[in-house]
Amino acid sequence: MVVRTADDSIWTATFNSGGVFNNDWVSIPGGTPSTPALAWNPIADKLQIVVRGSDDSLWAATFNSSGVFNNDWAPISGATPSVPALAWDATASELCLVIRASNNSVWFATFNSSGSFNNDWVSIPGSTPSSPGIAYLPSIGYLGIVVRASDDTLWEMIY
């Protein structure tokens, strides 16, 4: 797991195979004013992390298959005033990122199977005043994207 603390620093810790917390907190370089997004890339055999910078920029880095942070922070195009959302799409064999832009529009982009950002931003119809969510739905082989509308109703899009 990866968390943001009250001083915007980023920490990571693990659970063992039995689901017991290892209490092995480690600080990783960098910071974020919002919750980090984390997803497993089984083809690249690593965890991908995406965070929002203090200037709303987006940054990506990885953990290796042993859970060690690679300290490979790289800026990725785009910006968000909210928490980014990240999920592995098993059908397309790629990591998918969804964000809210400063004008409340929703944007989608991917990382290829090796973990490199594709810079292929696509606008998703609609808008949201808060962070979108994304999850892979294995029963149907598609992504589900959920947003909150301006009237506080929830909307789902199968992608």
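Entry remark, region 141-159: residues being closer than 23 Å to Pro36 by Cα, over 18 Å from the mean Cα position of the chain (by Cα) and assigned to a loop (DSSP other than H, G, I, E, B) number 1 in total. Taking each residue of region 18-46 that is hydroxyl-bearing (Ser, Thr, Tyr) and looking for partners that are surrounded by fewer than 17 Cβ atoms within 10 Å (Cβ to Cβ) and in a loop (DSSP other than H, G, I, E, B) with beta-carbon atoms closer than 8 Å, six or more apart or interchain, yields Thr32/Asp8; Thr32/Ser54. In summary, Val83 fulfils each of the numbered conditions (1) free of Cβ contacts under 8 Å to residues at least 40 places away in the same chain; (2) among the aliphatic types (A, V, I, L, M); (3) in a loop (DSSP other than H, G, I, E, B) with the single exception of condition (1). Of the residues making up region 103-144, those that are over 18 Å from Pro75 (Cα atoms), surrounded by fewer than 19 Cβ atoms within 10 Å (Cβ to Cβ) and small (Gly, Ala, Ser) are Ser105, Ser113, Ser123, Gly126, Ser127, Ser130, Gly133, Ala135, Ser139, Gly141, Gly144.
Selection of region 18-65 for residues being of a type in the set (Asp, Glu) and out of contact with any strand residue (DSSP E or B) (no Cβ under 6 Å at 6 or more places or on another chain) yields Asp24, Asp45, Asp55. From the list Thr32, Thr5, the lone residue that is out of contact with any helix residue (DSSP H, G or I) (no Cβ under 7 Å at 6 or more places or on another chain), β-branched (Val, Ile, Thr) and either modelled with pLDDT under 95 or loosely packed, with under 14 Cβ neighbours inside 10 Å (or both) is Thr5.
Filtered by the rule that a residue be modelled with pLDDT under 95, of a type in the set (Gly, Ala, Ser) and surrounded by fewer than 14 Cβ atoms within 10 Å (Cβ to Cβ), region 8-29 gives Ser17, Gly18, Gly19.
Of the candidates Ala135, Ala79, Ala74, Ala87, the single residue that is at pLDDT 95 or above and either over 23 Å from Ser57 (Cβ atoms) or not aliphatic (A, V, I, L, M) (or both) is Ala135.
The values are calculated or read from the model by the stated rules, or taken from the named source; none is laboratory data. Treat the numbers as computed from the prediction; the structure is a model and nothing was measured. Don't worry about glycine lacking a Cβ; one is built from the backbone with ideal geometry, like all the others, and counts go over all protein chains shown.
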